[in-house]
């Protein structure tokens, strides 16, 4: 599997996913603004990967701070604010920034160089932990699948969206390793085509059988009896199990429910936001109109036509058969299960 981010020397190299599948190129991030722009412009994407990338960005910013020591606290607050402003929906971003802030606070009585080293150590640990978490998600998830499983997915919740292995595609990889996978249906995922560009490329790199379809073919494929399960990732899961994921996920859930096909969400516990009671409270990122008017530089529609371009939608909890985490399978009723697994019970 290709590395999505690499910390080398004192800089962060991020795989520029906007150039895939045509070109494998790394963006050289030498400071805070480089990291923030890499996240904002989708050079680096996927909820777990965004969080780890931001953690590195925060550590790098502290390492490069050259102002008066008494100004460091305010500087760190501004760094956190800048990184948090890049993408509003994926809660892993805020989870990672909060973790890094706690490392800073717990070492505030030390020298700035020491604080920076501890923060970098924490970012590296987060990086390594993500891969282990994804492998665990994969192992739990494959147990839910029948032999010869034909899995449908949308967007890219694979190694490219994480530090390695993937969440939804982690389940695919584990199922393949256990000899249980027949094929993956990859929805193209308009408007940015993460399915067509990234999921297809990633699976083909690993010789995992995949068939590409347009998003509006999903229901027909289900009606033909060619789909055994739908597995997607998550950018944020509310306390009641409502889940925000890439736009088009809700449609797949409705179609899966109609055709009596199990719909699963695969996500780390860091994607759970217990503070939000329901999906209606999840902030949904609105992206630039030209993502729909154009595709990779080619105009598709009438110039300046009004556009509605939410990057995510919310799938209601009652359409989700189970949530697959690194600690196990969460079944309804989700509120109690999510509280218990996230360690928030009694708070």
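Some observations on this one:
- Residues of the stretch 141-163 satisfying the condition of being more than 18 Å from residue 221 (Cα to Cα), surrounded by 24 or more Cβ atoms within 10 Å (Cβ to Cβ) and touching a strand residue (DSSP E or B) at 6+ places or on another chain (Cβ under 9 Å): 141, 156, 157, 158, 159, 160, 163
For (1) closer than 30 Å to residue 134 by Cβ; (2) surrounded by 14 or more Cβ atoms within 10 Å (Cβ to Cβ); (3) at pLDDT below 95; (4) within 17 Å of the chain's Cα centre (by Cα), each residue gets a yes or a no:
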| site | (1), (2), (3), (4) |
| --- | --- |
| 66 | no, no, yes, no |
| 76 | yes, yes, no, no |
| 83 | yes, yes, no, yes |
| 87 | yes, yes, no, yes |
| 92 | yes, yes, no, yes |
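- Taken over the stretch 310-320, residues that are within 16 Å of residue 238 (Cβ to Cβ) and either assigned to a loop (DSSP other than H, G, I, E, B) or modelled with pLDDT under 95 (or both) amount to 2.
- When residues in the stretch 276-308 are screened for being surrounded by fewer than 16 Cβ atoms within 10 Å (Cβ to Cβ), modelled with pLDDT of 95 or more and touching a helix residue (DSSP H, G or I) at 6+ places or on another chain (Cβ under 9 Å), 9 of them pass.
- Residues being surrounded by 17 or more Cβ atoms within 10 Å (Cβ to Cβ) and within 16 Å of residue 278 (Cβ to Cβ) - total across the stretch 320-341: 5
- Qualifying positions in the stretch 232-250 - over 17 Å from residue 46 (Cβ atoms) and either part of a loop (DSSP other than H, G, I, E, B) or out of contact with any strand residue (DSSP E or B) (no Cβ under 8 Å at 6 or more places or on another chain) (or both): 239, 240, 241, 242
- Residues (under 30 Å from residue 262 (Cα atoms) and in contact with a helix residue (DSSP H, G or I) (Cβ under 7 Å, 6 or more places away or on another chain)) located in the stretch 95-143: 95, 130, 134, 135, 137, 138, 139, 141, 142
- Helices (runs of 4 or more DSSP H) completely within the stretch 1-116 that count 1 or more residues being in contact (Cβ under 8 Å) with a residue 12 or more places away in the chain and closer than 21 Å to residue 198 by Cα: 32-40, 47-63, 91-106
- Of 323, 284, all but one fail to be in contact (Cβ under 8 Å) with a residue 40 or more places away in the chain and part of a strand (DSSP E or B); the exception is 323.
- Selection status of residue 261, assigned to a loop (DSSP other than H, G, I, E, B), surrounded by 16 or more Cβ atoms within 10 Å (Cβ to Cβ) and touching a strand residue (DSSP E or B) at 6+ places or on another chain (Cβ under 8 Å): yes
- Taking the criterion of being closer than 11 Å to residue 266 by Cβ and not in a helix (DSSP H, G or I), the residues of the stretch 166-198 that qualify are 166, 167.
- Checking each residue of the stretch 144-152 against the condition of being touching a helix residue (DSSP H, G or I) at 6+ places or on another chain (Cβ under 9 Å) and in a helix (DSSP H, G or I) gives no match.
- The residue list 207, 216 contains one member that is surrounded by fewer than 18 Cβ atoms within 10 Å (Cβ to Cβ), in a helix (DSSP H, G or I) and out of contact with any helix residue (DSSP H, G or I) (no Cβ under 7 Å at 6 or more places or on another chain), which is 216.
Residues checked against (1) closer than 25 Å to residue 332 by Cα; (2) within 21 Å of the chain's Cα centre (by Cα):
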residue: 217; (1), (2): no, no
residue: 222; (1), (2): yes, no
residue: 225; (1), (2): no, no
residue: 231; (1), (2): yes, yes
residue: 235; (1), (2): yes, yes
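- Enumeration of residues in the stretch 253-275 that are more than 15 Å from residue 322 (Cα to Cα) and touching a helix residue (DSSP H, G or I) at 6+ places or on another chain (Cβ under 6 Å): 255, 259, 270, 273
The values are calculated or read from the model by the stated rules, or taken from the named source; none is laboratory data. None of the values given here were measured: they were computed from a predicted structure. Every residue, glycine among them, receives a Cβ derived from its backbone with ideal geometry; neighbour counts consider all protein chains shown.
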